[in-house]
Amino acid sequence: QVQLVESGGGLVQAGGSLRLSCAASGSIFNINAMGWYRQAPGKQRVLVATITSNGSTNYAESLKGRFTISIDNAKNTVYLQMNSLKPEDTAVYYCAVFRIGASDAWGQGTLVTVSS
């Protein structure tokens, strides 16, 4: 099993920044990629960004330039730097781990609220 500990969510004013962290532990020897997804109230969970263990990134098109994903392989931790936040970024943000030959793992989510 994989355990994911997310942190960094909270309340921020529009235009502000937040940095989310997600630390993975447990059966993590076969991680292929980590990422962040988000789910706004009443909407489906959607991709924010993913990053492979060798640093290749993939972003939701609408978030490019404001959000940056990074990974610390030594700490098995993925980060999401979110700048110029907008009220529409309000959502629960979920960390995900994608493993080779094993099931995906999801965190419990951290709430980000952006006030106008």
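For this structure, a couple of remarks:
- Measuring nothing but protein heavy atoms, the accessible surface of the chain at 1.4 Å probe radius is 48 percent carbon and sulfur.
- The alpha-carbon atoms of the chain define a convex hull whose volume equals 95 cubic angstrom per residue.
- Rounded accessible area of E88 (nearest 10 Å², 1.4 Å probe): 120 Å²
- For region 74-116 and region 9-62, distance of Cα centres in Å: 3 Å
- For region 1-57, alpha-carbon Rg relative to the globular expectation (2.2 N^0.38 Å, N residues): 1.33
- Convex hull volume per residue in cubic angstrom - Cα atoms of region 60-113: 108 Å³
- With protein chains left intact and a 1.4 Å probe, residues in the chain average 52 Å² of accessible area per residue.
- Partners for K86 among lysines (Cα-Cα distance below 27 Å; same-chain residues under 8 apart left out): K43, K64
- The slack in the chain from A102 to S62, taken as 0.36 nm per residue of separation less the alpha-carbon distance, amounts to 11.4 nm.
The values are calculated or read from the model by the stated rules, or taken from the named source; none is laboratory data. Fair warning: this is a prediction, and the values are worked out from it, not measured in the lab. Calculation scope for accessible area: heavy atoms of the full protein, side chains included, ligands and nucleic acids excluded. Shrake-Rupley method; radii C 1.70, N 1.55, O 1.52, S 1.80 Å.
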